[in-house]
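Reading through the structure tokens given below for one structure.
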Amino acid sequence: MSRVVINNLSVRRGNKLAVDNLSLTLEAGKITALLGPNGAGKSSLVLALAGVLPVEGGTVEIDGQLVSAKAPEVIRAAGLAAVPEGHRVLAGLSVHDNLLAAGFGHKASVAEEAVADVYGIFPELAERKAQKAGSMSGGQQQMLALGQALVARPKFILADEMSLGLSPLIVKRLMGVVVKLAEQGTGILLIEQFTHIALKLADEANVMSRGRLTFSGAPGKLIDEPDILHRAYLAQ
Ligand SMILES: Nc1ncnc2c1ncn2[C@@H]1O[C@H](COP(=O)(O)OP(=O)(O)OP(=O)(O)O)[C@@H](O)[C@H]1O
């Protein structure tokens, strides 16, 4: 089974370790929730896993292939795609061109096919192919951001705060897609401010505070013992 093995990873932001010796394994077909207060280091972890931020120490392997400190496109090709916080789409480009741009590096026919698959998942985007991404609603832009990750046909998706600022209906729509992707075998790292949503969907839950994991285990334990989460938020 496919897995991402993160081993003792450290990431520096300025003069502090935003991620401090963190170890975590993501598995194919599983939703792994990562919860924690603002500033805990969750986004720094995602950016380092995606190759955008440099790694200070430790390793990341995808199915035994060392990808830490590799270029973002190498990591993407190895099967890991990030949906960074804040639905960063190319606002001046059309929906279609945003998706094609995400397929850069693939043969044109392969990219076209992957883009068609994204339209299958999100008919909302198919209806808006020619629309400028920046003129869409926040929810539609978030669908596009997830669609851009899917164009790479990733084995693993890192979803950073996808629901931020979106209506409950859109969040439900996005989470439905996340669950379906997991059922089809994609491994998901789900970072969520709405902890109750993440805990309902996740197979495993982790709590991060000050760059470290303070809890790893069954989501049900965090539901039964909310103090574990509260302590992490107070410690930050
Ligand atoms: N661009 C930056 N330059 C320097 N330090 C940063 C930068 N961005 C974040 N940090 C610091 O890195 C640490 C981890 O922040 P990070 O954004 O990874 O946390 P987070 O858990 O994702 O929180 P949030 O949900 O607010 O994004 C914090 O101390 C933060 O102040």
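Some points to look at:
- Checked against (1) away from the ligand (no atom under 16 Å from the Cβ); (2) open to solvent by 40 Å² or more (accessible area, probe 1.4 Å); (3) in contact (Cβ under 8 Å) with a residue 60 or more places away in the chain; (4) in a loop (DSSP other than H, G, I, E, B), residue 70 passes all but condition (3).
- Any hit, segment 56-64, residues being under 16 Å from residue 212 (Cα atoms), within 14 Å of the ligand (Cβ to nearest atom) and either surrounded by fewer than 15 Cβ atoms within 10 Å (Cβ to Cβ) or modelled with pLDDT of 95 or more (or both): yes
- Scan of segment 1-27 for residues that are away from the ligand (no atom under 16 Å from the Cβ) and open to solvent by less than 20 Å² (accessible area, probe 1.4 Å), ordered by number: 4, 26
- Candidate set: segment 31-43, residues that are more than 13 Å from residue 214 (Cβ to Cβ) and crowded, with 20+ Cβ neighbours inside 10 Å; chosen: the one nearest to the ligand (Cβ to nearest atom): 43
- Segments classed as helices (runs of 4 or more DSSP H), wholly inside segment 102-213, with at least 2 members that are modelled with pLDDT of 95 or more, out of contact with any Asp or Glu (no Cβ under 7 Å at 6 or more places or on another chain) and buried (at least 20 other Cβ atoms within 10 Å of the Cβ): 108-121, 138-151, 168-183
- Selection of segment 1-14 for residues being part of a strand (DSSP E or B) and closer than 19 Å to residue 183 by Cα yields 3, 4.
- Residue that is most open to solvent (accessible area, probe 1.4 Å) [pool: residues in segment 75-97 that are more than 17 Å from residue 157 (Cβ to Cβ) and part of a helix (DSSP H, G or I)]: 97
- A residue that is part of a strand (DSSP E or B), modelled with pLDDT under 95 and of a type in the set (Lys, Arg) occurs somewhere in segment 15-25.
- So residue 91, is it touching a residue at least 40 places away in the same chain (Cβ under 8 Å) and aliphatic (A, V, I, L, M): yes
- Among residues of segment 206-221 that are closer than 14 Å to residue 195 by Cβ and in contact (Cβ under 8 Å) with a residue 24 or more places away in the chain, those with a Cβ under 8 angstrom from a residue that is away from the ligand (no atom under 12 Å from the Cβ) and in a loop (DSSP other than H, G, I, E, B), sequence gap 6+ or separate chain, pair up as 219/202; 219/203.
- Residues located in segment 220-231, provided they are surrounded by 12 or more Cβ atoms within 10 Å (Cβ to Cβ) and either over 20 Å from residue 203 (Cα atoms) or basic (Lys, Arg) (or both): 221, 231
The values are calculated or read from the model by the stated rules, or taken from the named source; none is laboratory data. For clarity, every value in this text was computed on a predicted model and none was experimentally measured. Ideal geometry is used to build each Cβ from the backbone, glycine not excepted, and the neighbour counts take in all protein chains shown. In case anyone asks, the SASA skips ligands and DNA or RNA and just uses the protein heavy atoms, side chains included. Shrake-Rupley method; radii C 1.70, N 1.55, O 1.52, S 1.80 Å.
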